Amino acid sequence: MVLAIDTNVLISAALGDGPCRHAFEEAQKRGQIVRSEDTFLELLYTLEKPRLQKYLNPDDKVDFLANFLLLSKSIVISERIHACRDPRDNMFLELIISSKADALITGDGDLLALDPFKGIPILTVSRFLNEFIIFV
């Protein structure tokens, strides 16, 4: 199973033990997480935002990023897409198409509104856990 995970889910996974962390861990166990240069840079820059610094100490941040890099596969984007209401989210559509992903996990309403995108499910964390994990 090839899975892409949106930055908002990854940030929540880095910050705690809730459903996003569970989804991230299950995705690692059961599939191949993919990233592009753009999606990784967004994760990196977002983790550096001042508002997050009080929730995530530097060592935990480095550990999370190192773990993510080790356990995810870098994908070269083969097709540019301009389909999302928020143009900044097109990078995730490009990632799922270029990687031939089985799903995108996100909490972003602009991406969820496109479900499915070219036949690829765009799932909330809850839907991913319920449909892809519990019954697999």
Of the conditions (1) in contact (Cβ under 8 Å) with a residue 24 or more places away in the chain; (2) closer than 18 Å to ILE120 by Cα; (3) polar (S, T, N, Q), GLN28 fails just one. Which one is it?
(2)
What number of residues within region 101-133 satisfy the criterion of being under 12 Å from the mean Cα position of the chain (by Cα), more than 14 Å from LEU3 (Cα to Cα) and either in a helix (DSSP H, G or I) or hydrophobic (A, V, I, L, M, F, W, C) (or both)?
1
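No lab work stands behind these numbers, since they all come straight from the coordinates. These numbers come from a predicted model, not from an experiment. Methodologically, a virtual Cβ is constructed for each residue, glycine included, from the backbone with ideal geometry; neighbour enumeration extends over all protein chains shown.
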